[in-house]
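Each remark here refers to the structure printed beneath this line.
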Amino acid sequence: MATTLERPVEPPSARAGTDRGQRPSPAGWAARGGVVVALALISLLYVFSNKEFRSDALAAAVVLAIGALSLNVLVGYAGQISLGHQAFIGVGAFTSAYVISQSNQSFYVGLVAGAIVGGLQAVVLGLVALRVRGLYFALVTLAWGFVGENSIFRSRGLTGGGAGQPAPRPGGFTTDRAYLLICVIALTVVLLIDWRLVASKAGRALQAVRESPQVAANYGVNVRAYTLFAFGVSGVYAGIAGALFASQRTNVVAVDFTFALIALPYLIVTVVGGLRRRGGIVLFALVYILGQQYLPDLAKHLHNRFIIDNAGFVVQATSGVLAILTLIFQPDGLGTVTAPIGRWLKGEPFVFGSRGGAGAEGLSVRP
Amino acid sequence: MSVLETHDVAIRFGGLQALSGVTLDVGEFEIVGLIGPNGAGKTTAFNCITGFYRPQTGRIVFKGEDVSELGPHVRSARGMGRTFQNVGLVKTASVLENMLTAQHSNVSYGAVAGMLGSPSSIATERELRARADAILQLLHLDHLRDLPVRGLSYGTLKRVEIATALATDPDLLLLDEPSSGMGPEEAHQLGDELLALRGEFELSILMIEHHVPLVLRACDYVYVLNFGQLLTEGLPHDVRNHPEVVAAYLGEEAPLAEAEAEAAEATR
């Protein structure tokens with residue numbers, strides 16, 4: 001082009017030059033590899049050397065992580081809300097359990113069926129989201145959660161009523177440790193999909209839709225279709241989490257899927273882990289479940305009767321407080337810590353601070 | 001052949017007749033100006049053309065096809081690239097990310113294929129980056145590539161927005177006050193730059209613009225809107241001296257040249 005414009009002076013940014021150039025040296029890569037190997041070894045050692053074997057709790061944590069990632073798609077990527085995730089998870093769980101024990105299919109068929117039906121129910125809810133917005137839509141999701149909890153999940157033919165629906169684990173994976181392996185593989189697959197989602201056209205489209213439907217449409221993004229897409233993806237993740245949940249318990253009943261047991265803790269894990277922060281969410285899911293496991297032991301040393309008796313409550317109450325503090329002071333949640341580490345592992349220099357997370361978007365509850 | 005024709009477009013908001021019977025025409029590779037005082041309905045006309053508003057009567061014909069019933073994302077995909085008066089960018093994303101999102105309708109892989117990491121999606125991502133870089137380089141914006149949009153100056157944002165509009169691969173570029181936030185010198189250069197871009201990207205351009213020298217420099221033809229109606233149309237120099245245009249902008253009996261001289265006096 002013939003003409004040149006004066007370049008406006010831009011303020012220096014911490015972000016400049018992080019994408020290109022400055023590749024780490026071989027020693028730098030070795031250090032990064034070392035950290036990954038060390039983390040993997042510690043995890044394996046933990047699973048295989050633990051006397052009080054906690055694989056079942058770990059499986060529960062992995063299921064919680066997948067469920068929270070499902071919420072992350074809705075809240076973090078699409079800017080929608082779900083206060084009825086007990087229905088999302090429950091639909092997946094009961095579908096899988098029904099397919100396994102009533103239709104005599106394998107666990108894997110149940111898992112796929114749970115994912116599909118979970119996705120479909122979410123898309124139906126998404127159709128409502130296209131018509132009702134904000135607080136009113138939050139109420140719709142709340143209502144949907146209670147419809148699942150109090151009516152659908154109590155219909156005897158589908159869910160076995162009060163006795164529940166058995167959901168046996170797959171052959172060869174009936175022990176807690178073997179079943180944990182299945183859960184970890186599922187989590188890995190979900191994380192990989194989530195990574196590509198954000199890095200490809202759908203993730204960018206959702207970011208635009210979340211921030212400004214007008215800008216998104218101007219970029220050629222079908223706002224309605226991508227809103228439904230986000231609901232579908234969230235529902236599929238939730239369906240997978242539900243199916244894994246069912247077989248982790250080996251029998252599911254309606255009372256497992258209440259607002260207080262599922263929707264609220266899942267939302268708290270998503271928020272404290274950090275919106276759009278996969279690493280933070282998985283980490284806090286582990287902390288949340290293992291906290292309930294280890295807190296009584298810790299309390300025994302401290303001779304604190306109350307904590308020993310109420311470990312679950314203490315973890316939940318603390319997490320609730322953490323969620324509020326997160327929203328006020330550190331919208332990136334645990335992502336504040338995990339994101340810089342993740343970037344470093346990918347070969348960028350270690351820069352502490354948020355980028356592209358809730359904090360960077362100025363999410364704030366303060367006026 | 002016309003790239004864009006509007007026929008008798010009219011839209012009313014409650015008691016306000018924002019546009020009535022607007023008929024205009026943008027020919028292939030033409031740069032057409034749309035001017036008029038504040039509140040004349042220029043941006044409303046843009047919103048009708050790009051599909052954000054549905055006019056109550058009238059038709060929008062784009063590249064020979066009636067697009068009146070199509071949503072804004074479809075019109076964007078068909079080749080309308082638009083910038084907004086108050087900057088239509090994803091502010092939390094970087095300049096590069098905006099350039100990638102803007103190429104949405106030209107991405108060959110499906111959303112699900114991208115999510116599952118298909119090899120073609122990964123190859124396409126690389127091409128998108130290359131194309132984004134090429135456009136940024138052409139507009140001398142490549143040094144801003146990795147900066148978040150939030151925090152850039154207003155004048156810079158207007159230029160980044162032109163880059164994203166080009167990234168949508170448009171046949172018709174609709175620019176809403178591209179020179180706002182720029183100094184007179186920059187605005188003048190923008191005129192040369194638009195002429196160059198027209199050749200480079202084989203574009204037709206319709207632009208809302210207040211900066212008179214820029215309109216005179218770049219536009220082949222000018223439409224003047226006032227109170228939602230076309231006041232007049234013609235070649236830039238003719239329109240500039242049209243008594244009704246002068247009256248509409250400055251009130252009765254104040255010749256434009258005199259007012260310009262006064263303004264120059266005041267700034268000195």
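One table, with the values for the structure above:
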item: Theoretical FRET efficiency, 1/(1+(r/R0)^6), r = Cβ-Cβ of A:GLU348 and A:GLN102, R0 51 Å, to 0.05; result: 0.50
item: Region A:264-278 and region B:122-156: distance between their alpha carbon centers, rounded to Å; result: 32
item: Label point distance in nm, B:MET1-A:ALA27, each placed 7 Å from Cα along Cα→Cβ; result: 6.4
item: ³J(HN,Hα), Karplus 6.51/-1.76/1.60, whole Hz, each residue of region B:88-99, x for Gly, Pro; result: x, 10, 7, 6, 7, 8, 7, 4, 4, 4, 4, 5
item: Computed helical MRE - 222 nm, chain A, DSSP H runs ≥ 4 contributing -39500 (n - 2.57), nearest 500; result: -21500 deg cm²/dmol
item: Spin-label proximity, A:PHE173 to region A:104-133 - amide N less than 14 Å from point 7 Å beyond Cα toward beta carbon; result: A:106-115
item: Reachable lysines from B:LYS91, criterion Cα separation under 22 angstrom, eight or more residues apart if same chain; result: A:LYS201, B:LYS158
item: Exposure proxy order (Cβ contacts within 10 Å, fewest to most) of A:ILE281, B:ILE205; result: B:ILE205, A:ILE281
item: Region A:21-93 pair-distance distribution - Cα-Cα, 10 Å bins, rounded %; result: 15, 26, 22, 28, 8
item: Karplus 3J(HN,Hα) series, Hz, for region A:175-188 with 6.51 cos²θ - 1.76 cosθ + 1.60 (x for Gly, Pro); result: 6, 4, 5, 5, 5, 4, 4, 4, 4, 5, 4, 4, 4, 4
item: FRET efficiency estimate (nearest 0.05) - Cβ-Cβ, B:LEU235 to A:VAL147, R0 56 angstrom; result: 0.25
item: FRET efficiency, 1/(1 + (r/R0)^6) with R0 35 Å, evaluated for B:ILE122 and B:ASP66 via beta carbons; result: 0.35
item: Exposure proxy order (Cβ contacts within 10 Å, fewest to most) of B:MET115, B:MET80; result: B:MET115, B:MET80
item: Helix A:85-101 axis, angle to chain A major axis (alpha carbon atoms, nearest 10°); result: 50
item: Over region A:53-345, relative contact order from alpha-carbon pairs under 8 Å, at least 6 apart, %; result: 32
item: Projected area, mean over directions - chain B, Cα convex hull, nm²; result: 15.8
item: Virtual spin-label span in nm between A:LEU302 and B:THR57, 7 Å along Cα→Cβ; result: 7.7
item: In nm, spacing of pseudo-spin labels at A:ARG133 and B:GLU202 (7 Å Cα→C-beta vector); result: 3.9
item: Overall dimensions of region B:112-178 as given by Cα atoms, namely Rg and Dmax in Å; result: 14.2, 41
item: Segment A:ALA163-A:VAL35, length gained on full extension (0.36 nm per residue, minus Cα span); result: 41.4 nm
item: Ranked by how many other beta carbons lie within 10 Å on average, peptides A:33-41, A:132-140 from highest; result: A:132-140, A:33-41
item: When chain A is reduced to its Cα atoms, the Kirkwood hydrodynamic radius in Å; result: 21.9
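Readers should treat all values here as calculations from the given coordinates under stated rules, not as data from a laboratory. Because the structure is predicted, anything quoted here is derived from the model rather than measured. Cβ coordinates were reconstructed from backbone atoms using ideal geometry, including for glycine residues, and neighbour counts include every protein chain displayed.
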